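What follows is one structure encoded as structure tokens, with my remarks underneath.
Each reported figure results from applying straightforward, stated rules to the coordinates on display, with no laboratory input. Because the structure is a prediction, the values reported are computed rather than measured. As a convention, Cβ positions derive from the backbone with ideal geometry for all residues, glycine included, and neighbour counts pool all protein chains shown.
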């Protein structure tokens, strides 16, 4: 049950984190970085800009719940390798490659390595529209995945709970049957004894024993009826 609880907590946190509209922009060309930042509404999105792969890794470690815009051509690390290292920090991080027309093949390789999408640098108006569309799509996709993950964990928890309840019910039914068998024998034996010539004190003791056995039998029957009702456990 501890693993189930931790999985549910993790999935719930992931859903909360997926709602964050925060971007890590990894771009070493100042003009391109400025163009990308201008495409976003600052009241809706927060953007951190770094120019090196090493700085990107440090930044993602401190706040792993960001969408990532990645220029593959960086001065200190290969973009494909950086994609792998970023996903090691957060396997669920959406990575969108921002590339030139000359690097489309490399962008496809990055997607094979875990990137979610790529956007080709083009005329400002077209580029702004394309990158906004890609980021919004990736944000919604991450949210959907987080929701699906939480729903799956909830289904697993409910299934295990149901199996445990069923196992408890079966155990109770078995115990009740065993107790009933013993009580039936006891009551039959008491009835036989009652037919013999017994002294008054003996008859009184026998009657008390019979009354107790009948009360236990009645209680057992109530327990059995409860376990058969889906609304009681």
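A Förster radius of 25 Å combined with the Cβ-Cβ distance from residue 41 to residue 85 puts the calculated FRET efficiency at roughly 0.25.
For region 2-156, report the % of Cα-Cα distances exceeding 25 Å. Looking at region 2-156, the distances longer than 25 Å represent 28 percent of pairs.
Each peptide in 36-48, 69-81 was scored by the mean count of other Cβ atoms within 10 Å over its residues; highest first, the order is 69-81, 36-48. Highest mean packing comes first when the peptides 50-57, 148-155 are listed by Cβ atoms within 10 Å, giving 50-57, 148-155.
Got a sec? Which residues in region 37-59 would a label at residue 136 touch, if it sits 7 Å along Cα→Cβ and we count backbone N under 18 Å? Answer for region 37-59: 37-47.
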